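Enquirer: Quick one: structure below, then a few questions.
The values are calculated or read from the model by the stated rules, or taken from the named source; none is laboratory data. Remember, predicted model here, so these are calculated numbers, not experimental data. Counting neighbours? That spans all protein chains shown, and the Cβs are built from the backbone with ideal geometry, glycine included.
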Amino acid sequence: MSTRPPTLREKRRYILARIEPAGTLLEQKELYYAISDAVTSLWGDATTAIITPAVVALESGHVVIRCRRGTERELAIALSTVIACRDVPICLRIIAASGTIESLRSRFHPEKILKSKIETEKTATWADDGIEPVLPECSFAKKSFIIVQCNGQKVDVIEKGFKNTNRLFLTKDDLENLNATTISDRI
Amino acid sequence: MKITDAAVYPYPLGDASVRRLALEAAALGFDSIVAADTPSVTYGEVEVRSGLMIRDVPIKDVISAVKRSKDSGKVISVNAANNNFNRAVIGIKGVHILRGIQSADKLAFDHVAAKMAADNRVAVDIDLSPIIMGRSAARQRAIHRYMDILVLEQRFEFPITLSTHARSLLDMRNVRDIAGLCSLIGMDVPDVERALAGVGTVLTPPKQAVTVIA
């Protein structure tokens, strides 16, 4: 079957969104189901068929979602109602909309991705050496926490132990016994 | 005009510290937030207003709680209940916001209460969390109730506030998302702007209609 010429193809738009909290591991298919569920729940089947949402890329904490041209607003509203992906609480923060995926890729900050890749490789090297990477600890409200994500002033922590594994969102100023200069920007 | 999220719940009620909520609010385009059980402070560009949320108490206790918090600079809000309770709450001097109207019964906020709210400058809060997190019947009911409130608002012009009731950082939405969600209940951009400035409106004393020059 031959492909349609460009003038006969339906026009599409791509929306770039950041996945929060940072560092959440998701599968493209699961995220598609979460988005599709949110769109269908808000707009109904008929409008969802017109929007035709699809997850076309999921990389480095960002997702590119495709829709039909002219339905970006509806999709954006529906995306703000995405609250979880397979019981993992998430939130999608829309960054930009464009007619091509390539123009959105330039907004991913390639140098940051490269930096995080290098750090991931470093961590993997430690693991290869048999040394487990030790996550920094901190205390807040007289409880001990493990830092799972640190970016600038923002620090995400999880309480030590196995009882409570919910993430807490703090800042460096909130932490009680931590020398802020010892935390690298990416863990 | 300050763009304000009229209710957020920092740690221990939620999972984010008030500093982090303020940081996030700044990134999302807010100038101020009303945080429950938190002293008023300013972090960076965001002003954190102290909020007192009164709920599930008889009117006597509401009056005494409002009296205690008088002149403390807190944003005092009371959860809506039945019609008589709501009218009584709106009549109390010092109450700023009537919230949770979507959970109250159908006749809880009528045209008389709307007129009283307009006269006493008591805002009605539109809680976006049922629209964001609710699904099917719960969301439909909330949208219907808010549309009904907006009909009264257009007639009587009482203040409206918008809140996400965020207990987590992930529950907060940016100003553009809020405008989009409000379009579901028939609010256009000027309406949303006015509603986001609603907390400032109820906290500033009203201008006198007639100024006497000696």
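Enquirer: Here are some residues: B:Ile132, B:Ile126. Which one is modelled with pLDDT of 95 or more, out of contact with any strand residue (DSSP E or B) (no Cβ under 7 Å at 6 or more places or on another chain) and buried (at least 18 other Cβ atoms within 10 Å of the Cβ)?
Expert: B:Ile132
Enquirer: Would you be able to say whether some residue in the range B:8-27 is in a loop (DSSP other than H, G, I, E, B), within 28 Å of B:Ser103 (Cα to Cα), away from chain A (no Cβ under 14 Å) and touching a strand residue (DSSP E or B) at 6+ places or on another chain (Cβ under 6 Å)?
Expert: Among the residues of the range B:8-27, not one is in a loop (DSSP other than H, G, I, E, B), within 28 Å of B:Ser103 (Cα to Cα), away from chain A (no Cβ under 14 Å) and touching a strand residue (DSSP E or B) at 6+ places or on another chain (Cβ under 6 Å), which makes the answer no.
Enquirer: Scan the range B:166-181 residue by residue and report those that are under 18 Å from B:Lys2 (Cα atoms) and not basic (Lys, Arg). Reasoning before the result, please.
Expert: Taking the range B:166-181 first, the residues under 18 Å from B:Lys2 (Cα atoms) are B:172-179.
Scanning the range B:166-181 gives B:Met172, B:Asn174, B:Val175, B:Asp177, B:Ile178, B:Ala179.
Enquirer: Separate question: Need the failing condition index for B:Gly14 against (1) within 20 Å of B:His96 (Cβ to Cβ); (2) buried (at least 18 other Cβ atoms within 10 Å of the Cβ), just the number.
Expert: Answer for B:Gly14: the failing condition is (1).
Enquirer: In the range B:60-77, is there at least one residue being in contact with a strand residue (DSSP E or B) (Cβ under 7 Å, 6 or more places away or on another chain), on the phi > 0 side of the Ramachandran plot and assigned to a loop (DSSP other than H, G, I, E, B)? Break it down stepwise before answering.
Expert: Within the range B:60-77, the subset in contact with a strand residue (DSSP E or B) (Cβ under 7 Å, 6 or more places away or on another chain) is B:62, B:65-66, B:69, B:73-77.
Right, trim to on the phi > 0 side of the Ramachandran plot and you get B:73.
Remaining after also requiring assigned to a loop (DSSP other than H, G, I, E, B): B:73.
Taking every residue of the range B:60-77 in turn, at least one turns out to be in contact with a strand residue (DSSP E or B) (Cβ under 7 Å, 6 or more places away or on another chain), on the phi > 0 side of the Ramachandran plot and assigned to a loop (DSSP other than H, G, I, E, B).
Enquirer: Could you please find all residues in the range B:184-214 being part of a helix (DSSP H, G or I), surrounded by fewer than 16 Cβ atoms within 10 Å (Cβ to Cβ) and within 14 Å of another protein chain (Cβ to nearest Cβ)?
Expert: Result: B:Val189, single match.
Enquirer: Taking the condition of being touching a residue at least 40 places away in the same chain (Cβ under 8 Å) and not β-branched (Val, Ile, Thr), how many residues in the range B:28-80 meet it? Walk me through how you get there before you give the answer.
Expert: As a first pass, look at the range B:28-80 and keep what is touching a residue at least 40 places away in the same chain (Cβ under 8 Å): B:28-30, B:32, B:34, B:47, B:49, B:51, B:53, B:55, B:75, B:77.
Okay, now just the ones that are also not β-branched (Val, Ile, Thr), so B:28-30, B:32, B:47, B:49, B:51, B:53, B:55, B:77.
The qualifying residues number 10.
Enquirer: Another question about this same structure. What helices (runs of 4 or more DSSP H), lying completely within the range B:98-176, carry at least 2 residues that are among the small types (Gly, Ala, Ser)? Let's see the steps before the verdict.
Expert: Working: elements: B:111-120, B:129-133, B:136-156.
It comes to B:111-120, B:136-156.
Enquirer: Might you check whether a residue that is part of a helix (DSSP H, G or I), more than 10 Å from chain B (Cβ to nearest Cβ) and not aliphatic (A, V, I, L, M) occurs anywhere in the range A:65-76?
Expert: Scanning the range A:65-76 turns up at least one residue that is part of a helix (DSSP H, G or I), more than 10 Å from chain B (Cβ to nearest Cβ) and not aliphatic (A, V, I, L, M).
Enquirer: Further, regarding this structure: All but one of (1) surrounded by fewer than 17 Cβ atoms within 10 Å (Cβ to Cβ); (2) within 10 Å of chain A (Cβ to nearest Cβ); (3) at pLDDT 95 or above hold for B:Met147, so report the exception by its number.
Expert: That leaves (2) as the condition not met.
Enquirer: Do you know which of the residues in the range A:154-171 that are more than 13 Å from A:Pro89 (Cβ to Cβ) and modelled with pLDDT under 85 is surrounded by the most Cβ atoms within 10 Å (Cβ to Cβ)?
Expert: Going through the range A:154-171, the residues more than 13 Å from A:Pro89 (Cβ to Cβ) turn out to be A:154-155, A:157-164, A:170-171.
Right, trim to modelled with pLDDT under 85 and you get A:159-164.
Details: A:Glu159: 17, A:Lys160: 14, A:Gly161: 11, A:Phe162: 6, A:Lys163: 6, A:Asn164: 12.
Per the stated criteria, the residue is A:Glu159.
Enquirer: If B:Gly51 satisfies all but one of (1) part of a strand (DSSP E or B); (2) within 14 Å of another protein chain (Cβ to nearest Cβ), what's the number of the condition it fails?
Expert: (2)
Enquirer: Something else: Select from the range B:28-43 the residues that are among the hydrophobic types (A, V, I, L, M, F, W, C) and either within 9 Å of chain A (Cβ to nearest Cβ) or in contact with a helix residue (DSSP H, G or I) (Cβ under 9 Å, 6 or more places away or on another chain) (or both) and list them in ascending order.
Expert: Restricting attention to the range B:28-43, the residues satisfying the condition of being among the hydrophobic types (A, V, I, L, M, F, W, C) are B:28, B:30, B:33-36, B:41.
The answer is B:Leu28, B:Phe30, B:Ile33, B:Val34, B:Ala35, B:Val41.
Enquirer: Mind listing just one residue for me: the one in the range B:90-144 that is touching a residue at least 12 places away in the same chain (Cβ under 8 Å) and within 14 Å of another protein chain (Cβ to nearest Cβ) and, of those, nearest to A:Ala84 (Cα to Cα)?
Expert: Step by step, filter the range B:90-144, then rank; the result is B:Met133.
Enquirer: Something else now. Can we say A:Glu74 is surrounded by 17 or more Cβ atoms within 10 Å (Cβ to Cβ), under 22 Å from B:Arg173 (Cα atoms) and modelled with pLDDT under 95?
Expert: On the way: surrounded by 17 or more Cβ atoms within 10 Å (Cβ to Cβ): yes; under 22 Å from B:Arg173 (Cα atoms): yes; modelled with pLDDT under 95: no.
Taking the combined requirement at face value, the residue does not satisfy it.
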